[in-house]
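Scroll down for the structure; my scribbles are underneath it.
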Amino acid sequence: MKEYLLLLRAGKPASTKTEAENKAELQAWGSFMGNLQKNGQITGGLPLVSGGKTVSAAKISGEPVNSPKEGIIGGYLIIKAKSLEEAVEIAKACPHIENEGNIEVREIGVMPAM
Amino acid sequence: MDNINEISSQLFRRESGKMISILTRIFGTENLDTAEDVVQQTFIEAIQTWKIKGLPENPAGWLFLVAKNKAIDIIRKNRHSVLYDFSNDERNLLKSEYTLASTMDNLWKEDLIADDQLRMMFACCHPEIAKENQITLILKTLCGFTTAEIAKAFLSSEDTVSKRLYRTKEFFRKARIALKIPSVEELKSRTGTLLTAIYLLFNEGYYSSGNKKLIRKELIEEAMLLCKLLTENEHTQLPEVFALMALICFHSARNDSRTSPEGEIILLPYQDRSKWDQSLIREGSHYMDKASFGNALTSYHIEAAIAYEHCIAKSYAETNWKLILDYYQWICLFYPSPITELNKVVALMQVHGARAALLAMEEIKDRKKLESYYLYHSILGEIHAQSGDRSAAGIYYARGIELAPSEIEKKIIREKMEGLKME
Amino acid sequence: MGEYLLLFRGGQDGGTDHFSEKWQQHMHRWMIWMAELQKKGQFLSAQPLRHEGRQVSGPEKTIKEGPFMEGNEKVSGYLLCNADNFDEAVELAMGCPVLEFESGKVEVREIQELKV
């Protein structure tokens, strides 16, 4: 098993949707996460508050990084999967996609031993 | 090829305890099996690689590096496993790739190993573990003995040893004993437990009979190494630690003269004193000096003082028996037991003669406890022989032969019995 | 006290020699930085990410091969920690060794508490 970080970007904010839509989305999340849990494939994951800051050597900006194409990161998941393909399959099933968001799937790396 | 096997088994004896101590700090005492597996796998890999590529320049360093990388692999595979607890300060950083390698490097640093070994020793000698299990575990984890070697050393079966190890590991699994050096308040009593274990280990090698001479010599060497570790660690530099080290040196100095080339025991009066190891006697004296700070006077101090008197005596007859008798009287006063009383009687006979010895023998409290001890009867035999009562001596010797645990001891008493007839 | 996600962006590229003295010293500073967080009970978890990845998007669930975004924006790792408030989290981020690189950036984000 390898570990993958799923970066959840963009998607419609809850405030722009009806209560029924939000409720349905929450239920979809419940069954999606429940499934991962059952398979022992989830190690972490939480949504993020919308604002943020970005620190670089030169300055601190009052904004999170926003890519014009992909949008701002709104949440993350850490999952276990056998391969990048399986991790992508899991991402495809994530309710965030239904919510018009996109997901970046990245494998947790290994630092070379010294 | 054989050479590689031999070198690696010597390395195993010397380095595996260090590696187990470090690995147990990483995986916890509850995962001692993991630590042992890593060391085992490392040595298997070493033998396979070295047979093809030859011995590396620094074999111990090679082993450490391989074991370290194996530990890294296990951590990567088990970051989120419930089997391993990586929650404490040091281990939490092992979970992140950013810090895994450098944290690992720090854990394997040469100058930390002695403390790791000491922590491991304290864990093995946890007060809730039975004495014989403590020693078994020490031999297995810190001294690199195999189950078969421990069985040979204790004249017991491999099955018994395995069961003991299993029970102790089960205790570790449940109790999750933390690897640490005890607090200042506890240090003295917990170090006392370590000393008892080392003392028993040494006695097992030094006094027990049986023909496994080589393995017994190794027990003595291991006891010496472990005790030395305590003398060198600032946490455990207590007077009694130096006293036990001195005692071990003085006894070991005489070791070569105690058996004949055929492996038979030679008693003190008949030992070739020119074979005694003078450098070990000097080393013992040096530890004795260090043992005399503070006002601690332990049984190790007195026993070391007695052993020293024997070491410096020109002959059995010229031994300072008067002083030795004084020492025994102290021991009997502070640490009374039927066995020490019996030892006192031997010195008493040298100083005051057989009649006084017989009287002292009759005054031993709990004399009943000695009834099943072969040396008690053998000494009574000697006392009666010296006072001229040959028939009584013969009866005691016969009883001694009957009770003696091994052929070698039976033979010694039989020779004394033969001596009766010649007079 | 809240939980914060630090996203490391930019920084070293794939061509770094991982056995060089310079790199080892760099990794040592990561350890010092994280050990400090651990000591203060603020460290939760952290991992670097492999360079390559994939992106899933849209109702069609189209899959795109990564890396994504411009080189400097690419996420190279993350760290989860506790901090009293946003300012403290930003303060922590300023100690991060990824900022030793000209292109290094740390995006500091607060974890959203789910209202159920």
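Ignoring everything except DSSP H segments at least 4 long, calculate the 222 nm mean residue ellipticity for the protein assembly as shown; use -39,500 (n - 2.57) per segment, divide by total residues, nearest 500. Mind dumping the intermediate values first?
Numbers: 25 runs with 354 residues, N = 653.
For the protein assembly as shown, the value works out to -17500 deg cm²/dmol.
About the Cα centre of the protein assembly as shown, how large is the charge dipole given +1 on each Lys and Arg Cβ and -1 on each Asp and Glu Cβ? Please answer in debye to the nearest 20.
Here the size comes out at about 1040 debye.
If you keep only loop residues by DSSP, which GluC sites (Glu not before Pro) in the range C:25-116 have at most 13 other Cβ atoms within 10 Å of their Cβ? Spell out each step's value before the answer.
Working: sites: C:Glu36, C:Glu52, C:Glu60, C:Glu65, C:Glu70, C:Glu73, C:Glu88, C:Glu91, C:Glu100, C:Glu102, C:Glu107, C:Glu110, C:Glu113; in loops: C:Glu60, C:Glu70, C:Glu102, C:Glu113.
Qualifying residues, ordered by number: C:Glu60, C:Glu70, C:Glu102, C:Glu113.
At a Förster distance of 45 Å, what's the computed FRET efficiency of B:Ile266 paired with B:Lys163, Cβ-Cβ distance as r, to 0.05? Numbers along the way, then the final one.
Values: r = 37 Å, r/R0 = 0.81.
Step by step, r from the Cβ atoms, then E = 0.80.
Any idea how far the Cα center of the range B:43-94 sits from the one of the range B:365-381, in Å?
54 Å
Pairs of Cα atoms under 8 Å, at least six residues apart: use those to get the relative contact order of chain A, whole percent.
Working: 165 pairs, mean separation 55.4, N = 114.
Value for chain A: 49 percent.
In a GNM of chain B with a 10 Å cut-off on Cα contacts, which of B:Gly17, B:Gly192, B:Gly263 has the highest mean-square fluctuation?
So, out of B:Gly17, B:Gly192, B:Gly263, the one fluctuating most is B:Gly263.
Given the range B:83-226, what whole percent of its Cα pairs are spread farther than 24 Å? Could the numbers behind the result be given before it?
Numbers: 4106 of 10296 pairs.
Everything past 24 Å amounts to 40 percent.
Let's see if you can work this out: charge +1 on each Lys and Arg Cβ, -1 on each Asp and Glu Cβ, no other charges. What is the dipole magnitude of the range B:371-423 about its Cα centre, in debye to the nearest 20? Show your work: numbers first, answer last.
On the way: 7 positive and 9 negative charges, 21 e Å.
Charge dipole, the range B:371-423, about its Cα centre: 100 debye, nearest 20.
Rounded to the nearest 0.05, what FRET efficiency do B:Ser183 and B:Ser292 give with R0 = 22 Å and r taken as the Cβ-Cβ distance? Could you check? Can you show the working numbers first?
Values: r = 26 Å, r/R0 = 1.20.
It comes out at approximately 0.25.
With the crude spin-label approximation of a point 7 Å out along Cα→Cβ, what separation in nm comes out for C:Lys22 versus C:Asp87?
Reported label-point gap for C:Lys22 and C:Asp87 is 3.7 nm.
Fewest to most neighbouring Cβ within 10 Å: what's the order for B:Cys311, B:Cys124?
Details: B:Cys311 21, B:Cys124 26.
Exposure proxy ranking, most exposed first: B:Cys311, B:Cys124.
Evaluate the Debye formula for the protein assembly as shown with equal point scatterers sitting on the alpha carbons, no solvent, and hand back log10 of I(q)/I(0) at q = 0.08, 0.10 Å⁻¹, in q order, two decimals.
Here log10 of I(q) over I(0) equals -0.74, -0.96.
Over 21 Å between Cα atoms, which of A:Lys2/B:Lys70; A:Lys59/C:Lys40; C:Lys40/C:Lys105; B:Lys140/B:Lys228 qualify? Could you put the intermediate results ahead of the total?
Details: A:Lys2/B:Lys70 18 Å; A:Lys59/C:Lys40 26 Å; C:Lys40/C:Lys105 24 Å; B:Lys140/B:Lys228 19 Å.
In this structure, A:Lys59/C:Lys40; C:Lys40/C:Lys105 exceed 21 Å between Cα atoms.
Let me know the volume per residue of the alpha-carbon convex hull for chain B, in Å³. Let's see the in-between values first.
Working: hull volume 70.8 nm³, N = 423.
Residue-normalised Cα hull volume stands at 167 Å³.
I'd like the distance separating the alpha-carbon centroids of the range B:294-335 and the range A:13-63, in whole Å.
Between the Cα centre of the range B:294-335 and that of the range A:13-63, the gap is 78 Å.
Toward the positive end of the charge dipole of the protein assembly as shown, about the Cα centre and with charges on Cβ (Lys, Arg +1; Asp, Glu -1), which of B:Ile364, B:Cys227, B:Leu200 goes farthest?
Most positive-ward Cα: B:Ile364.
Using alpha carbons only, how many degrees (0 to 90, rounded to 10) separate the axis of helix B:32-53 from the longest principal axis of chain B?
The angle comes out at about 80 degrees.
Under 12 Å between alpha carbons, and skipping anything fewer than 8 positions from B:Lys365 in its own chain: which aspartates and glutamates qualify?
Result set, ordered by chain and number: B:Glu341.
Find, among the chymotrypsin sites (Phe, Trp or Tyr not before Pro) in the range B:188-280, those assigned to loop by DSSP (not H, G, I, E, B) with at most 15 other beta-carbon atoms within 10 angstrom.
Numbers: sites: B:Tyr199, B:Phe202, B:Tyr206, B:Tyr207, B:Phe242, B:Phe250, B:Tyr270, B:Trp276; in loops: B:Tyr207, B:Trp276.
Those satisfying the criteria are B:Tyr207.
How big, on average over all directions, is the shadow cast by the Cα convex hull of the range B:213-352, in nm²? Walk me through the numbers before you get to the answer.
Values: hull surface 36.2 nm².
Taking the Cα atoms of the range B:213-352, their convex hull projects to 9.0 nm² on average.
Among B:Ser292, B:Ser315, C:Gly95, which residue has its Cα positioned farthest towards the positive end of the charge dipole of the protein assembly as shown, with +1 placed on the Cβ of Lys and Arg, -1 on the Cβ of Asp and Glu, and the dipole taken about the Cα centre?
My answer, from the dipole projection, is B:Ser315.
Rounded to the nearest 10 degrees, what's the angle between the helix B:321-334 long axis and the longest principal axis of chain B, both from Cα atoms, 0 to 90?
60 degrees
Can you sort B:Phe122, A:Phe32 from fewest to most other Cβ atoms within 10 Å of each residue's own Cβ?
Numbers: B:Phe122 23, A:Phe32 17.
Lowest count first: A:Phe32, B:Phe122.
Taking only the alpha carbons of the range B:366-405, what extent do you get along each of the three principal axes, in Å, biggest first?
26, 21, 11
Fewest Cβ neighbours within 10 Å first, please rank A:Thr16, B:Thr160 accordingly.
Details: A:Thr16 8, B:Thr160 15.
Placing the least packed residue first, the sequence is A:Thr16, B:Thr160.
Considering only A:Gln27, A:Met111, A:Val88, whose Cα is most displaced toward the positive end of the charge dipole of chain A, charges sitting on Cβ of Lys, Arg (+1) and Asp, Glu (-1)?
Ranked along the dipole, the leading option is A:Met111.
In debye, nearest 20, what is the charge dipole magnitude of chain B about its Cα centre with +1 on Lys and Arg Cβ and -1 on Asp and Glu Cβ, if you could check?
Details: 54 positive and 58 negative charges, 112 e Å.
The dipole of chain B has a size of about 540 debye.
Measure of size requested: the Rg and Dmax of the range A:2-107, with Cα atoms as the atom set and Å as the unit; please supply both.
14.8, 45
Could you work out the relative contact order of chain B? I mean the mean sequence separation of Cα pairs under 8 Å and 6+ apart, divided by the number of residues, in percent. Walk me through the numbers before you get to the answer.
Numbers: 496 pairs, mean separation 43.4, N = 423.
Averaging sequence separation for qualifying contacts and normalising by length gives 10 percent for chain B.
Using only Cα atoms and rounding to the nearest 10 degrees, what angle (0 to 90) does helix B:2-27 make with the longest principal axis of chain B?
With both axes taken from Cα atoms, the answer is about 70 degrees.
In whole Å, what three semi-axes, largest first, describe the equivalent ellipsoid of the range C:2-110 built from its Cα gyration tensor (square root of 5 times each eigenvalue)?
Numbers: eigenvalues 127, 82, 25 Å².
The equivalent ellipsoid of the range C:2-110 has semi-axes of 25, 20, 11 Å.
Where a number appears in this text, it was derived from the coordinates with a stated rule and is not lab data. Just so it is clear, the structure is predicted and the values come from calculations on it, not from any experiment. Note that we place each Cβ from the backbone using ideal geometry, even for glycine, and neighbour counts take in every protein chain shown.
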